[in-house]
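For reference, the structure discussed in these notes is given below.
Please treat every number below as a calculation from the coordinates, not as lab data. It should be emphasised that the depicted structure is a prediction, and the values quoted were computed from it without experimental measurement. Here Cβ is always computed from backbone atoms with ideal geometry, including for glycine, and neighbour counts include all displayed protein chains.
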Amino acid sequence: MDFGQLQPGAHIRGLDTGGIAEIIQVRSFGPDALNLVFRVNGKIGERLLYRGDEIPFKLVQPGRAYAFDADGALLRLVSEAWRLRLAHLFDPYLAITLSRIEALPHQITAVYGAMLPRQPLRFLLADDPGAGKTVMAGLLIKELLIRGDLERCLIVAPGSLVEQWQEELAEKFALSFDLLTRDQVENSVTGNPFAERNRFILRCQVVRRHWRNQGFRRPVS
């Protein structure tokens with residue numbers, strides 16, 4: 001038989017003394033060496049072959065370069081996952097589509113026209129009260145998560161607004177954020193809550209108190 005006929009799925013006589021071997025995996029080491037993983041009578045074996053070793057072998061059934069015997073349900077699941085991962089390429093406003101909001105024109109312009117195109121992303125959003133800054137922030141976070149550009153997120157908000165942020169992000173964008181507290185830090189197994197969860201909301205008073213404890217002071221003008 002020919003050296004090139006040693007492919008996954010091929011049934012070979014002479015490769016193993018136990019009987020006809022079905023090749024499962026082929027790994028090439030240059031043009032003249034192959035590492036074969038094969039199955040004989042339900043047992044798995046492995047053998048390194050060099051060009052010329054295949055001469056006494058006999059090809060019982062040729063292999064296939066590609067097999068179509070995978071789990072159909074698993075293939076569908078993987079395909080759907082990739083479709084969702086690439087969905088933002090076909091729907092530039094995917095976060096709006098997947099959220100329970102009616103985005104206003106100025107919010108869409110701010111997020112998709114000004115924020116997302118920036119590299120690196122640094123943006124100061126200082127809009128009037130009631131303009132929907134929470135909605136814009138939620139849209140930005142969700143869009144970055146969909147695109148795979150955001151893994152960890154920390155929101156620092158006034159103490160009286162942290163629950164409002166948490167509720168709005170959950171209700172409007174299906175984004176789950178935990179309130180980061182001293183107890184949560186102390187009870188963390190690793191000492192770093194971000195090693196266990198990726199999204200937190202923190203009261204700005206906690207940050208200010210921590211800075212003061214570390215010796216930081218507001219500069220005097």
Simple spin-label estimate for C204 and R13 in nanometres, 7 Å along Cα-Cβ: 8.2 nm
For the stretch 21-34, Karplus couplings with θ = phi - 60° (6.51, -1.76, 1.60), whole Hz, Gly/Pro x: 9, 9, 6, 9, 9, 10, 10, 8, 10, x, x, 10, 8, 9
Shape category assigned to the stretch 151-221 from the gyration tensor of Cα positions, a/c cut at 1.5: oblate
Under DSSP loop assignment and at most 10 Cβ neighbours within 10 Å, longest GluC sites (Glu not before Pro)-free interval of the chain: 1-101
Cα point-scatterer Debye curve for the stretch 3-61, base-10 log of I(q)/I(0) at q = 0.23, 0.24 Å⁻¹: -0.86, -0.94
For the stretch 99-114, 3J(HN,Hα) per residue [Karplus equation, 6.51 cos²θ - 1.76 cosθ + 1.60, θ = phi - 60°, Hz, x = Gly/Pro]: 10, 9, 9, 10, 5, 8, x, 5, 6, 5, 5, 5, 6, 8, x, 10
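Stretch R212-L179 to full length: gain in nm at 0.36 nm per residue minus the Cα-Cα span?
Full extension of this stretch gives 9.8 nm more.
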In sequence order, calculated HN-Hα J values of the stretch 3-12 (Karplus, 6.51, -1.76, 1.60; Hz; x Gly/Pro): 4, x, 7, 7, 10, x, x, 6, 9, 10
Prolate/oblate/rounded call for the stretch 141-189, Cα gyration tensor, a/c under 1.5 rounded: oblate
In the stretch 25-66, the chymotrypsin sites (Phe, Trp or Tyr not before Pro) that fall in loop regions by DSSP, at most 14 other Cβ within 10 Å: F29, Y66
Nonlocal amide H pairs with I155, under 5 Å, H built at 1.01 Å: F200, I201, L202
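Given the rule -39500 (n - 2.57) for each run of at least 4 DSSP H residues, summed and divided by the residues of the chain, what is its mean residue ellipticity at 222 nm, to the nearest 500 deg cm²/dmol?
Dividing the helical sum by the residues of the chain leaves -8000 deg cm²/dmol.
How many lysine pairs in the chain, separated by 8 or more positions in sequence or lying on different chains, have Cα atoms less than 21 Å apart? Intermediate values should be presented prior to the final figure.
On the way: K43/K58; K133/K142; K133/K172; K142/K172.
So the count of such lysine pairs works out to 4.
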R152/R27 FRET efficiency (R0 35 Å; Cβ-Cβ; nearest 0.05): 0.40
Residues M136, M1 arranged by fewest to most Cβ contacts within 10 Å: M1, M136
Residues listed by number, the stretch 16-35, amide nitrogen under 19 Å from N41 label point at 7 Å toward C-beta: 16-24
q = 0.12, 0.14 Å⁻¹, the chain: log10 I(q)/I(0) [Debye, one scatterer per Cα]: -0.78, -0.91
